[in-house]
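Working notes, structure below.
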Amino acid sequence: MTHVITALCTHEGDCVEVCPVDCIVPGPKENANWGDLFFIDPDTCIDCGACVPVCPPEAIFPEEDIPGEYEDDIARNANYFIEGPGYWDYDLDEERRQT
Ligand code: SF4
């Protein structure tokens, strides 16, 4: 199983700082297809749950608990690493939503 970032994500980036296996990646902000969310690599996530309580908009769920309206985000997180940019060399402060 994996954890999943849903469309509730507001690009805060706190999750990246706590993930012990570095499997959370921001969609490049300038990318029209992927720039709205951060994504969890389902093949690397160890389901530790550390990212859940630090997410300000409470956008992260264990896959088995994801609300029905966000079920499409399960495939979207996985596809980011297959069809999307995947891992890239980013500056977290640059990718955080500026508030
Ligand atoms: Fe990383 Fe743990 Fe969150 Fe998975 S559940 S994305 S391993 S912090």
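Derivation of every value follows stated rules applied to the coordinates shown; laboratory data play no part. Because the structure is a prediction, the values reported are computed rather than measured. Note that each Cβ is placed from the backbone with ideal geometry, even for glycine, and that neighbours are counted across all protein chains shown.
Working only within the stretch 1-33, note down all residues that are within 11 Å of the ligand (Cβ to nearest atom) and touching a strand residue (DSSP E or B) at 6+ places or on another chain (Cβ under 7 Å).
Selection gives Met1, Thr2, His3, Val4, Ile5, Cys15, Val16, Cys23, Ile24, Val25.
Looking at the stretch 15-58 only, could you name the residues that are surrounded by 14 or more Cβ atoms within 10 Å (Cβ to Cβ) and not in a loop (DSSP other than H, G, I, E, B)?
Those that are surrounded by 14 or more Cβ atoms within 10 Å (Cβ to Cβ) and not in a loop (DSSP other than H, G, I, E, B): Cys15, Val16, Val18, Ile24, Val25, Pro26, Phe38, Phe39, Ile40.
Hey, can you tell me all the residues within the stretch 50-80 that are of a type in the set (D, E, K, R) and under 16 Å from Met1 (Cβ atoms)? Spell out how you get there, then give the answer.
Step one: list which residues in the stretch 50-80 are of a type in the set (D, E, K, R), which gives 58, 63-65, 69, 71-73, 76.
Glu63, Glu64, Asp65, Glu71, Asp73, listed by residue number.
Which condition number does Gly84 fail, the rest of (1) buried (at least 17 other Cβ atoms within 10 Å of the Cβ); (2) away from the ligand (no atom under 12 Å from the Cβ); (3) touching a residue at least 60 places away in the same chain (Cβ under 8 Å) being met?
(3)
Can you confirm whether Asp47 is within 12 Å of the chain's Cα centre (by Cα), closer than 16 Å to Thr2 by Cβ and not small (Gly, Ala, Ser)?
Numbers: within 12 Å of the chain's Cα centre (by Cα): no; closer than 16 Å to Thr2 by Cβ: yes; not small (Gly, Ala, Ser): yes.
Considered against the rule, which asks whether it is within 12 Å of the chain's Cα centre (by Cα), closer than 16 Å to Thr2 by Cβ and not small (Gly, Ala, Ser), Asp47 comes out as no.
All but one of (1) within 14 Å of Ile82 (Cα to Cα); (2) more than 9 Å from the ligand (Cβ to nearest atom) hold for Ile40, so report the exception by its number.
The single condition Ile40 does not satisfy is (2).
Does any residue of the stretch 63-71 turn out to be touching a strand residue (DSSP E or B) at 6+ places or on another chain (Cβ under 6 Å), in contact (Cβ under 8 Å) with a residue 24 or more places away in the chain, outside any helix (DSSP H, G or I) and surrounded by 11 or more Cβ atoms within 10 Å (Cβ to Cβ)? Before the answer, list the steps.
Narrowing the stretch 63-71 to residues touching a strand residue (DSSP E or B) at 6+ places or on another chain (Cβ under 6 Å): 63, 66.
Those left that are additionally in contact (Cβ under 8 Å) with a residue 24 or more places away in the chain: 63, 66.
From the residues that got through so far, the ones that are outside any helix (DSSP H, G or I) too are 66.
Filter once more, so that each one left must be surrounded by 11 or more Cβ atoms within 10 Å (Cβ to Cβ): 66.
Checked against the condition, which is being touching a strand residue (DSSP E or B) at 6+ places or on another chain (Cβ under 6 Å), in contact (Cβ under 8 Å) with a residue 24 or more places away in the chain, outside any helix (DSSP H, G or I) and surrounded by 11 or more Cβ atoms within 10 Å (Cβ to Cβ), the stretch 63-71 yields at least one hit.
Within the stretch 65-72, is there a residue that is more than 11 Å from the ligand (Cβ to nearest atom), within 18 Å of Leu8 (Cα to Cα) and either touching a Leu at 6+ places or on another chain (Cβ under 8 Å) or among the aromatic types (Phe, Trp, Tyr) (or both)? Walk me through it before giving the result.
Of the stretch 65-72, the ones more than 11 Å from the ligand (Cβ to nearest atom) are 65-72.
Going one step further and asking which of them are within 18 Å of Leu8 (Cα to Cα), we end up with 65-72.
If we keep only those that are either touching a Leu at 6+ places or on another chain (Cβ under 8 Å) or among the aromatic types (Phe, Trp, Tyr) (or both) too, we end up with 70.
Scanning the stretch 65-72, I find at least one residue that is more than 11 Å from the ligand (Cβ to nearest atom), within 18 Å of Leu8 (Cα to Cα) and either touching a Leu at 6+ places or on another chain (Cβ under 8 Å) or among the aromatic types (Phe, Trp, Tyr) (or both), so the answer is yes.
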